[in-house]
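Engineer: Can you keep this structure in mind? I'll have questions shortly.
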Amino acid sequence: MAEIKTKPTPVDVGAFIDAVENPVRRDDAKRVCAMLERITGEPPKMWGPSIIGFGSYHYRYDSGHEGDMCRLGFSPRKAELVLYILTGEPDEAEKLARLGKHKTGKSCLYIKKLADVDMAVLEEIASDALSYMDSKYPRP
C-alpha cells in the first residue's frame, strides 16, 4: 500500500501563507485561515506540502484503507483558493446558490477571490461542514 502523503508536517503555516505570491490570494488565505480557526477552535496545521488543515479525524473505508485527515482545510493555490469543506448534504446546494462566484468539485469549493463571495454564507457552509464531520466522525 502506498504511503499517504497528506499528513501533518512541521511547516509553519504563517510562513507558508506569507510565501503566497499573489497579494490578493495571500490576504484571502489569511482571512480564511482566521475564519476556520475560529469556527473549529483548532490551530492551523500544514497537511502535506500545501493544505492548511484544522483538527483531524480517522477514516476507514470498506476496502480496509484507512488514515487521518484534517476535519476542514484549504489551500491557497496559484489559480484559486480551494476549500475542503463540502459535504454533499441536501441543504448545501441552497447555500452554494447564495454564495456568489465559485466552482465545486466532489468535496472542494473553488473561489478565485473572497471579494466574489458572501463571507457570511461561506462561514455558514464551513460551520455546517464541521457539524457534519463531528456527527460522522465524533471527536475523541
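Engineer: Inside segment 89-106, can you point out the residues that are within 16 Å of the chain's Cα centre (by Cα), at pLDDT 90 or above and assigned to a loop (DSSP other than H, G, I, E, B)?
Structural biologist: Passing the criteria: 102, 105.
Engineer: Within segment 50-62, identify whether any single residue is in a strand (DSSP E or B), under 12 Å from the mean Cα position of the chain (by Cα) and among the basic types (Lys, Arg), and answer yes or no.
Structural biologist: no
Engineer: Can you give me the number of residues within segment 109-123 that are surrounded by fewer than 17 Cβ atoms within 10 Å (Cβ to Cβ) and under 12 Å from the mean Cα position of the chain (by Cα)?
Structural biologist: So the count comes out to 2.
Engineer: Hey, any hits in segment 61-69 for a residue that's in contact with a strand residue (DSSP E or B) (Cβ under 7 Å, 6 or more places away or on another chain) and crowded, with 18+ Cβ neighbours inside 10 Å? Write out each step before concluding.
Structural biologist: Here is the first cut: in segment 61-69, the ones in contact with a strand residue (DSSP E or B) (Cβ under 7 Å, 6 or more places away or on another chain) are 66-69.
Next cut, crowded, with 18+ Cβ neighbours inside 10 Å only: 69.
Yes, the conditions are met somewhere in segment 61-69.
Engineer: For segment 124-133, state whether one or more residues are surrounded by 14 or more Cβ atoms within 10 Å (Cβ to Cβ), touching a strand residue (DSSP E or B) at 6+ places or on another chain (Cβ under 7 Å) and among the aromatic types (Phe, Trp, Tyr).
Structural biologist: Checked against the condition, which is being surrounded by 14 or more Cβ atoms within 10 Å (Cβ to Cβ), touching a strand residue (DSSP E or B) at 6+ places or on another chain (Cβ under 7 Å) and among the aromatic types (Phe, Trp, Tyr), segment 124-133 yields no hits at all.
Engineer: Also: Does residue 86 count as touching a helix residue (DSSP H, G or I) at 6+ places or on another chain (Cβ under 9 Å), among the hydrophobic types (A, V, I, L, M, F, W, C), part of a loop (DSSP other than H, G, I, E, B) and surrounded by 17 or more Cβ atoms within 10 Å (Cβ to Cβ)? Spell out the reasoning first.
Structural biologist: On the way: touching a helix residue (DSSP H, G or I) at 6+ places or on another chain (Cβ under 9 Å): yes; among the hydrophobic types (A, V, I, L, M, F, W, C): yes; part of a loop (DSSP other than H, G, I, E, B): yes; surrounded by 17 or more Cβ atoms within 10 Å (Cβ to Cβ): yes.
Criteria met by residue 86.
Engineer: Look at segment 89-98 and say how many of its residues are in contact (Cβ under 8 Å) with a residue 12 or more places away in the chain and over 14 Å from residue 127 (Cα atoms). Spell out the reasoning first.
Structural biologist: If we filter segment 89-98 for residues that are in contact (Cβ under 8 Å) with a residue 12 or more places away in the chain, which is where we start, we get 89, 91-92, 95-96, 98.
Retained after the next criterion (residues that are over 14 Å from residue 127 (Cα atoms)): 98.
The number of residues fulfilling the criteria is 1.
Engineer: Evaluate the following for residue 67: is it over 16 Å from residue 39 (Cα atoms) and either among the aliphatic types (A, V, I, L, M) or not in a helix (DSSP H, G or I) (or both)? It would help to see each step written out before you state the result.
Structural biologist: Values: over 16 Å from residue 39 (Cα atoms): yes; either among the aliphatic types (A, V, I, L, M) or not in a helix (DSSP H, G or I) (or both): yes.
Against the criterion (over 16 Å from residue 39 (Cα atoms) and either among the aliphatic types (A, V, I, L, M) or not in a helix (DSSP H, G or I) (or both)), residue 67 qualifies.
Engineer: Taking only pairs six or more apart or across chains, which ones have beta-carbon atoms under 8 Å, a first residue in segment 107-128 that is within 18 Å of residue 70 (Cβ to Cβ) and in a strand (DSSP E or B), and a second residue that is modelled with pLDDT under 95 and of a type outside the set (A, V, I, L, M, F, W, C)?
Structural biologist: Close Cβ pairs satisfying both conditions: none exist.
The values are calculated or read from the model by the stated rules, or taken from the named source; none is laboratory data. These numbers were taken from a predicted model, which means no experiment stands behind them. Backbone-built Cβ (ideal geometry, glycine too); neighbour counts: all protein chains shown.
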